[in-house]
Each structure stands twice: as C-alpha cells, then as structure tokens.
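Novice: Here it is: the structure, laid out below.
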C-alpha cells in the first residue's frame, strides 16, 4: 500500500515535492507511522525504484540469439516498462546514488558488453554511457508524446528503426570513448562508431571482434 501510494504521488508530483508527510496524508495516517518501515524519504524512493525494477522481465532468448537481438529486446522492454511506470526515469538515481532497481534493469547491457570483450573500467564506462543514452531516448518518447525523431521507438516503425535507435545510442555513447582513445573530434568519433554499429546490425562481415576497436582503439594509432 505504501509503495503503490508513493508511485501514484510521484506520477502526479515532482520528486522534490515528494515527502513522507504527503504519503502519510494520502494514507490517512501520521508520518511517524511510515518511519517504522522507511527511515527516510530517500529509502522510500529507493524501494519504489526497486519495486519497478522487479517488473523488468526480458523475453526468453532463443538458442544462439545474437547480441543485437538481445539489445533490441532490452530496449523494447525498457520502453514497455517506461510506459507502465514513467516515474522510473525520475527515481533511477536518488541523491547521487543509482538505485538497485535501475541497476537490475541495466545489468543486461553490462552482460552484453562483457561478452563482447569489454572489461573493468571500459566495461563500466561503456555500460553507463549506453544506458544513459537509452534512458534519455526512452524517457523523451514516453513522457512527451509529441517527441519523434529518426530514432523513434514507435512500434509502427518496425524493427529497422529499433535497430537505428540502438545504433544512435551506441554511436552517441561509445563515440566519446572512441574520441578519448583516438583523439578524434567527438562528432567524427560518433560517426565512426555509428558506421561500425550499422555494419554489425545489418549483418556485415566485420565480425563481432571488430567492436573491440572501441576498447582497444589506442592500438590503432
């Protein structure tokens, strides 16, 4: 009851205006009663994010499914979750800390990149940047019905533009890493990464190992 009421209040109001007192008032009780369950508003917000994160369920992968299909499924699942719980984009992080619920959602991306050869700091940075781009894209589409770009996730546009959305996210995020390693301008780096991602997504013969140039780009100088 507390979580459901909190989610409803967060849907109607900003995170900044969210207080235990407001939740207590909606539940017709006193604030002190809520402190028996949550020591602070931040703890309650984190639990709300955890509750939403538990609703994130990826479709069962097919045997031998490649990483591109898995990433597309992740993006669509995030879109579906965002439509049901748009508040997740408000509480993915609270007080500078990433919620466990959001970490559960983004773990899929980290797993994909790990199997593509990323490790340690490169894995953490690339995973964070890809998820950041996806967060921004899906949030814009879910919360602003008039927002449409060539990377739109509208189901009417089919899987081709779903792939384009992933390419956009990858080119935007990994372009910064590519720029850092090869000391290219960021724009040129993003275009280069987009080209690699396009070829991979279209079934080109570069092979998955070519994506590792993003991780080992410094060797290509």
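Novice: At 0.36 nm per residue, and after removing the present C-alpha to C-alpha distance, how many nm does the segment from residue 95 to residue 40 gain when stretched out fully?
Specialist: Fully extending the segment from residue 95 to residue 40 adds 18.6 nm.
Novice: Further, regarding this structure: Counting other beta carbons within 10 Å of each residue's own, what order do 1, 58 fall into, fewest first?
Specialist: The most exposed by this proxy come first: 1, 58.
Novice: What's the extension gain from residue 65 to residue 5 if we count 0.36 nm per residue and subtract their Cα-Cα distance?
Specialist: 17.6 nm
Novice: Find the centroid of the Cα atoms in region 78-100 and in region 111-144, then give the distance between the two in whole Å.
Specialist: Region 78-100 and region 111-144 have Cα centres separated by 14 Å.
Novice: Working out 0.36 nm times the residue gap between residue 51 and residue 13, then minus their Cα-Cα distance, what length gain in nm do you get to one decimal?
Specialist: Full extension of this stretch gives 11.8 nm more.
Novice: Between residue 136 and residue 31, what's the calculated FRET efficiency when r is the beta-carbon distance and R0 is 35 Å? Round to 0.05.
Specialist: That pair, residue 136 with residue 31, gives E of 0.50.
No value in this document is a laboratory result; all are computed from the given coordinates. Here the structure is a predicted model, which is why all the values come from computation and not from measurement. Cβ: placed from backbone, ideal geometry, glycine included. Neighbour counts: every protein chain shown.
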